[in-house]
Amino acid sequence: MSPPKEAAARAAEAVAGSSAKEFKKESTPSRLLGAGCAGIAELMVFHPVDTTAKRLMSNYGKVTSASQLNSIIFRDAAHASIPNRFLSLFPGLGYAAAYKVLQRVYKYGGQPFVRDYLAKNHGSSFDQTFGKGNGKAIMHATAGSIIGIGEIILLPLDVLKIKRQTNPEAFRGRGVFRIIADEGLGLYRGWGWTAARNAPGSFALFGGSAAAKEYLYKLSDYNTASWSQNFVASIAGASASLIVSAPLDVIKTRIQNRNFENPESGFRIVSNMVKNEGMSSFFKGLVPKLLMTGPKLVFSFWLAQTLIPAFNKVM
């Protein structure tokens, strides 16, 4: 066989054996339903826990009886029915619910669409560039990074949520529609830093999970992962994501929690942090985030990875 024909044969063989092109396409309803259920479950499980923790931390004095503990946790609903007591643990849920559910549907449900596009059009390129197996994991990570950048479309809800949590006086009695009308595109302040945070963070989230399935469990089809394998993969992805995105997350939060009329640029914030607080300030809150945000991200990501293939089997 002549050298050109041999090269063509090798190229054809490489494409045919491209691991990045090997994937099972889930249905659109299963992706959206699985991601949506994951977001709702995350809210239902973790929002009451967060509310309970904050009420206990805000309590002065010792808790000496079960009835006193009941009054601290449930407050005015302490003597209400069990369903009403449970509902009392969801104060101020509006922004958090809208943002979190939409975010999870967009990210967990949207990444597979980008992955499908990359696999169909560039799968062999990923394998040829990074090697078989490596190419598939990096393709999943790249799809996550692309979808993470597009997440800035939800930025206004994130801004309102953060201000409500950390700077409630910024609202000064204004309702959400009044704020949107007053601020307009100002609600997208910090979009560049948010995209810069989301790109490596989402790359690490989906890439870390894919790497665990590829190298730890030797899975050729990631959708065949068991619930326990998905759980370990989610821990790997979530931990990598939080660590990688920590510095930019600090900057993003400081941009967003300023008063509406007193904004500050990201570069000015970076300069002041380096000058006044040192480089370690870029990792402020990382340990609490790993302990608090980590479990939420692991839970929702694990649930989405488990539910999407499960729904796809029955739909």
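The values are calculated or read from the model by the stated rules, or taken from the named source; none is laboratory data. This is a predicted model, so every value here is computed, not measured. Glycine gets a Cβ as well: all are built from the backbone with ideal geometry, and neighbour counts include every protein chain shown.
Observations on the structure shown:
- Inter-residue pairs, beta-carbon under 8 Å, first among the β-branched types (Val, Ile, Thr) and in segment 147-159, second not in a helix (DSSP H, G or I), 6+ apart: 159/189; 159/190
- Among the candidates 80, 137, residue that is at pLDDT 90 or above and surrounded by fewer than 15 Cβ atoms within 10 Å (Cβ to Cβ): 80
- Pairs where the first residue, in segment 72-84, is farther than 20 Å from residue 62 by Cα and the second is aliphatic (A, V, I, L, M) and part of a helix (DSSP H, G or I), C-beta under 8 Å, 6+ apart: 77/87; 84/77
- Checking each residue in segment 202-237 for being among the aromatic types (Phe, Trp, Tyr) and assigned to a helix (DSSP H, G or I) picks out 203, 206, 215, 222, 227, 231.
- Conditions (1) at positive phi; (2) modelled with pLDDT under 80: number failed by residue 91: (1)
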